[in-house]
Structures are given as structure tokens and as C-alpha cells.
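Notes for the one structure printed next.
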């Protein structure tokens with residue numbers, strides 16, 4: 001059983017939709033829940049966007065760092 005409340009495989013979405021899906025999924029998390037993000041490149045720009053919009057409200061942990069797949073745990077505080 002997964003310890004994630006939701007998983008977003010960003011590889012399945014067109015570029016224009018990725019961030020909206022990720023932020024919608026994060027927004028639906030309850031405090032203490034985590035989502036898993038799967039991507040085909042390092043989502044570091046997304047981390048900076050989370051930092052700007054949700055400073056102190058999220059946790060970010062790399063679970064896998066490429067070269068073909070990146071997996072990140074994003075938790076809501």
C-alpha cells in the first residue's frame with residue numbers, strides 16, 4: 001500500500017496542463033498528506049514555484065533522480 005494520497009505522472013499530460021494538474025492535486029491534499037510526482041526531467045522549476053506560492057507549507061523530497069525518471073514526494077504541512 002502506498003503512503004501517497006495521490007500520484008501525478010506528469011509524463012501523461014501535455015506541457016500546458018502539467019502544472020495545473022500538479023497544483024490542483026496538491027490543493028486537494030489534506031494537511032499531513034503526500035502526493036507522488038513522476039516526471040521525465042528534474043522538476044526543479046516547479047520546486048521554485050511551490051516555494052514562491054506555498055512557502056513553509058510543503059515538503060519536497062526526491063525519491064528518484066533520473067536520468068530517465070524523477071520521482072518526488074510533495075507533502076502538505
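For the options 34, 44, 18, a Gaussian network treatment of the chain with springs between C-alpha atoms closer than 10 Å singles out 44 as fluctuating the most.
Let me know the shape class of segment 17-77, please: from the alpha-carbon gyration tensor, a ≥ b ≥ c as square roots of the eigenvalues, rounded when a/c is under 1.5, otherwise prolate if a/b is greater than b/c, or oblate.
Details: a/c = 1.62, a/b = 1.52, b/c = 1.07.
Cα axes put segment 17-77 in the prolate bin.
Ranked by the mean number of other Cβ atoms within 10 Å per residue, highest first, peptides 67-76, 7-16 order as 67-76, 7-16. Largest mean-square fluctuation among 50, 23, 58, in a Gaussian network model of the chain whose springs join Cα atoms under 10 Å apart, belongs to 23.
Pairs of Cα atoms under 8 Å, at least six residues apart: use those to get the relative contact order of the chain, whole percent.
34 percent
Which value in deg cm²/dmol, rounded to the nearest 500, describes the helix-derived mean residue ellipticity at 222 nm for the chain, given -39,500 (n - 2.57) per DSSP H run of n ≥ 4 and division by the residue count? Don't skip to the end; give the middle numbers.
Numbers: 2 runs with 23 residues, N = 77.
Per the formula, -9000 deg cm²/dmol.
None of the figures in this text is laboratory data; all of them are computed from the coordinates on show. Just so it is clear, the model here is predicted, and its values are computed rather than measured. Every residue, glycine among them, receives a Cβ derived from its backbone with ideal geometry; neighbour counts consider all protein chains shown.
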